[in-house]
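A.B. asks: Encoded as C-alpha cells, here's the structure I'll be asking about.
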Amino acid sequence: MKDILALMNPTRWAILAGAVLALAAAVGGALAYTHGAGKDAGRAEVQAAWNAEKLQQAQAEIRTALLRAERVATLSNELMEAQSAHAKTIKDLANARAGAHARGQRVRDAAGGTEIDQRIGAAECTVARAFAAGSFRAAASCRDHLAEIGLGSGGLVESAASAHYEHRRAEALRQFVMPRSPFKPANQE
C-alpha cells in the first residue's frame with residue numbers, strides 16, 4: 001500500500017508534470033528555433049536568387065548600352081568622315097571652277113583679239129604671222145581642253161556630282177544619328 005500511496009503523492013506528480021512541461025518546452029523551443037532558422041535560410045536563398053536575377057538583368061542592360069554607345073560612336077565617326085569628305089569635295093569643286101574660269105578667260109581673251117594680236121596680224125613678217133597662226137591653233141586647242149576638263153573625268157560635272165553625293169550621305173547619317181523629338185511625327189522633320 002505504501003507503493004500506492006507513494007504514487008498518489010502530489011509532490012511527485014507536480015515534479016513529474018514540471019519535468020514533462022520542461023521537456024515539452026525544450027522540444028517546442030528547439031522546433032521553433034529550427035523552423036525560424038529554416039525560414040530565414042529559405043528567405044536568404046530566395047533573396048540571393050532574386051539578387052542574382054537582378055544582377056544578370058543589369059549586366060544585360062549595361063552590355064546593350066555599351067553596344068549602343070559603340071554604334072553611336074561609329075556612326076558619329078562615319079558622319080565626321082562624310083562631312084570632311086563633303087567639305088573637301090566642295091573645296092576641290094570651287095578650286096576646279098576657279099581654275100576653269102581662269103583658263104576660260106585666257107581663251108576668251110585670246111579669241112577676242114587683244115592689241116598685241118592685232119599688231120602681230122598687221123606685221124609684215126612671215127615669222128610673226130606664223131607665230132600668230134600657231135597661237136590661234138593653241139587657243140582653239142585650249143578651248144577643247146577646257147571642255148574636256150569641264151565634262152571629262154575629274155571635271156566640274158563629276159566634281160559637282162561627287163559633292164552632291166557626299167552631301168546626301170552626310171545628311172542621311174546626320175538624320176540617323178540625331179535624336180528625334182517625341183512631339184513631332186517623323187515625317188514632319
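The values are calculated or read from the model by the stated rules, or taken from the named source; none is laboratory data. Treat the numbers as computed from the prediction; the structure is a model and nothing was measured. For neighbour counting, all protein chains shown are included, and Cβ atoms are generated from backbone atoms with ideal geometry for every residue, glycine included. Calculation scope for accessible area: heavy atoms of the full protein, side chains included, ligands and nucleic acids excluded. Shrake-Rupley method; radii C 1.70, N 1.55, O 1.52, S 1.80 Å.
A.B. asks: Please verify whether Ala17 is over 30 Å from Glu166 (Cβ atoms), in a helix (DSSP H, G or I) and open to solvent by less than 60 Å² (accessible area, probe 1.4 Å), treating the condition exactly as stated. Walk me through it before giving the result.
C.D. replies: Details: over 30 Å from Glu166 (Cβ atoms): yes; in a helix (DSSP H, G or I): yes; open to solvent by less than 60 Å² (accessible area, probe 1.4 Å): yes.
The answer is yes for Ala17.
A.B. asks: When you go through Ala60, Ala82 one by one, which is the residue that is modelled with pLDDT under 90, out of contact with any strand residue (DSSP E or B) (no Cβ under 8 Å at 6 or more places or on another chain) and either surrounded by 10 or more Cβ atoms within 10 Å (Cβ to Cβ) or aromatic (Phe, Trp, Tyr) (or both)? Full working, then the answer.
C.D. replies: Numbers: Ala60 fails: modelled with pLDDT under 90.
Matching residue, one of Ala60, Ala82: Ala82.
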